[in-house]
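What follows is a short report on a single structure.
Taken together, the values in this text are just the output of simple stated rules run on the coordinates, not laboratory data. Everything numeric in this text was worked out from a predicted model, so none of it was measured. Positions of Cβ are generated from backbone atoms using ideal geometry, with glycine treated the same way; all protein chains shown enter the neighbour counts.
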Amino acid sequence: MSKKLPKRNENYSEWYQELVIQADLAEHSAVSGCMVIKPYGYGIWERMQQILDQKFKETGHQNAYFPLFIPKSFLSKEAQHVDGFAKECAVVTHHRLKNDPNGKGVIVDPDAKLEEELIVRPTSETIIWHTYKKWIQSYRDLPLLINQWANVVRWEMRTRLFLRTTEFLWQEGHTAHATQEEAIAEAKQMLEVYADFVENTLSIPVIKGVKTENERFAGALETYCIEAMMQDGKALQAGTSHFLGQNFAKAFDVQYLNKNNQLEYVWATSWGVSTRLMGALIMSHSDDDGLILPPNLAPIQIVFIPIYKTNEEYAEVMDKLESIADLLKSEGFRVKIDNDDSKRPGWKFAEWELKGVPLRFSLGPKDLKNHQIEVFRRDTKEKSFIPIENIVSNYISMLLNDIQKNLFNIAQNRLKERTIYVDSYQEFKNSLDNDCFVMAHWDGTTETELLIKEETKATIRCIPLDSPFEEGKCVKTGKPSQRRVLFARAY
RNA sequence: CGGGAUGUAGCGCAGAGGUAGCGCACUUGCUUGGGGUGCAAGAGGUCGUGGGUUCAAGUCCCGCCAUUCCGACCA
């Protein structure tokens, strides 16, 4: 009764903000634009980390860690790169405080000014490529496949929990290769890793594509991306993988001797996903009762609620629940028994629904007598009574897989139904106003792209990799076009 | 950087010159327990901050600070 979420169809962004807070995922901190990620929210992020980290290792990458601070001069070595980030950098200018001579508190010690300012990393290409120069001399040093889990800071004008915060957590892969082909293959491979993770772990269908020149990462030759559709029809970039060419190798003078004893610049990629995925997760699946977590991701897949009056009943019910939970735990399921005596069952039902746990099993004296257990599915809200002896690994796996698949199917149907192919500018605008993605022809110029953005707030999310050759006319200018691109309003 | 809103108990809010309030949460006891139990008794406050008006200021006036929402910005 104390907690009530706003309805999605009344105020989507308020619903989102409230859900993040009420489901105990994160809250605003004392620092403007920065959030505190609470244990439950962080637990979900840790699951993402574990699964991705394993995929990175399986594809040959190793983790390392580079400094939080970047000397100012590093950032300006790659011209496009500094242009892209200069406006949102936090800068460290001093290294000491002292007592305020005029009274209470402390002041920045003017005598402690840094010789060269330090930038709090908005991304680590520069510091990493500076380091790679020392690590790479020979073709035998390549490929160099490194990932880092880190925090970065981008001083954005406007922030929203998980979707855009001043400081956020992410991983950034930075690889160096002997050839262009190999680097492009790496960038594409990591895009596939992301797409696989987002679709099969987060149950969110994505569109794979490349960015237009205008939307490309600062310093990249090609930016591959995966785009997802949220329930309100807006797009969310869920991950990017960049082919950086030799830009950073040249900026930081990273060359290697090939087998013919010739010096060559190395080829680079970088790729990343962030805590923004939490936002994608929430806005893809959740409903007016709270979060809905796909089972492959959920930190808790099954919560058990004991129902009882007397101590004897409690002992009996708990005895049974513990034996079931222990069995499932030993088979690798993530389970929790909520035996908090200070909360009543109804309260717990609502609470775990708010937190999105895929399955809830309740067991009380009546069930014990009937040798059954109540099973509740968070995604469909179906309740059923199952014979206790049926609660075995195969059955649970089947149920969890079904939920996982169901969430994906719902999201995929939404994406299909709301991706509209249009050939006129009027249809284009109408479809956007109906919260849809739009596949339309575009003349390939940044001018047209910006004009459309100005008039409709829609951007080209990507040129889908599977977009077939098709003669057509630009939806805005009527100039010739060879394929459709994906337009949408975006987060 | 524009526009709006808000700063009062842990949280959410009311109070619009004259004794600091309500709901939730918290503590204690009983009750209840299969969809956010009910009752009772408690504990908890420099009313964001600095100045001004007044016999008297959460309350009116001016400044400042902070947060937040909507835009602009956003590889």
| What relative contact order, as a whole-number percentage, does region A:67-114 give when Cα pairs under 8 Å and 6 or more residues apart are counted? | 26 percent
| said: Along the Cα→Cβ direction, 7 angstrom out, place labels at A:Glu417 and A:Asp326. What is the inter-label distance in nm? | reply: 4.7 nm
| What Kirkwood hydrodynamic radius do you get for region A:302-402 when you take the inverse of the mean 1/r over all pairs of distinct Cα atoms, in Å? | 13.7 Å
| Equivalent ellipsoid, region A:1-136 (semi-axes from 5 times Cα gyration tensor eigenvalues, Å) | 35, 28, 16
| Magnitude of the charge dipole, region A:302-402, Cβ model with Lys/Arg +1 and Asp/Glu -1, debye to 20 | 360 debye
| field | chain A - mean residue ellipticity at 222 nm from DSSP helices (-39,500 (n - 2.57) per run, n ≥ 4, rounded to 500) | value | -11000 deg cm²/dmol
| request: Output the relative contact order of chain A, whole-number percent, from Cα pairs under 8 angstrom with separation of 6+ residues. | output: 13 percent
| Cα long-axis angle, helix A:12-22 against chain A (0 to 90 degrees, to the nearest 10) | 60 degrees
| field | Extension reserve of the A:Asn63-A:Asp319 stretch, reckoned as 0.36 nm per residue once the Cα distance is removed | value | 87.8 nm
| query | How long is chain A along each principal axis, judged by its Cα atoms, biggest number first, in Å? | reply | 79, 69, 57
| field | Share antiparallel - DSSP beta bridges, region A:417-488, percent rounded to 5 | value | 75 percent
| Where q = 0.12, 0.18 Å⁻¹, what log10 of I(q)/I(0) comes from the Debye formula for region A:417-488, counting one point per Cα? | -0.25, -0.59
| query | Which listed residue (A:Val392, A:Ser330, A:Ala350) has the Cα farthest towards the positive end of the charge dipole for region A:302-402, taking +1 on Lys and Arg C-beta and -1 on Asp and Glu C-beta about the Cα centre? | reply | A:Ala350
| query | Using a simple charge model, +1 on the beta-carbon of Lys and Arg, -1 on the beta-carbon of Asp and Glu, nothing else, what dipole does region A:204-275 show about its Cα centre, in debye to the nearest 20? | reply | 120 debye
| task | Could you pull out the GluC sites (Glu not before Pro) across region A:377-441 that fall in loop regions by DSSP (anything but H, G, I, E, B) with no more than 16 other Cβ atoms inside 10 Å? | result | A:Glu382
| About its Cα centre, how strong a charge dipole does chain A have in debye, to the nearest 20, once Lys and Arg get +1 and Asp and Glu get -1 at the Cβ? | 380 debye
| said: With a cap of 16 neighbouring Cβ atoms within 10 Å, and only residues DSSP puts in a loop, list the trypsin sites (Lys or Arg not before Pro) found in region A:422-465. | reply: A:Lys457
| Over 25 Å (Cα to Cα) - which of A:Lys416/A:Lys473; A:Lys77/A:Lys208; A:Lys336/A:Lys405; A:Lys4/A:Lys383; A:Lys453/A:Lys473; A:Lys7/A:Lys355 fall in this group | A:Lys77/A:Lys208
| task | Using only Cα atoms, tell me the angle between helix A:393-417 and the longest principal axis of chain A; keep it within 0 to 90° and round to the nearest 10. | result | 50 degrees
| query | Hey, if you put +1 on the Cβ of every Lys and Arg and -1 on every Asp and Glu Cβ in chain A, which of A:Val254, A:Met278, A:Gln54 ends up farthest toward the positive end of that dipole? | reply | A:Met278
| field | Projected label distance in nm at A:Leu465 and A:His94, using a 7 Å step from Cα toward the beta-carbon | value | 5.0 nm
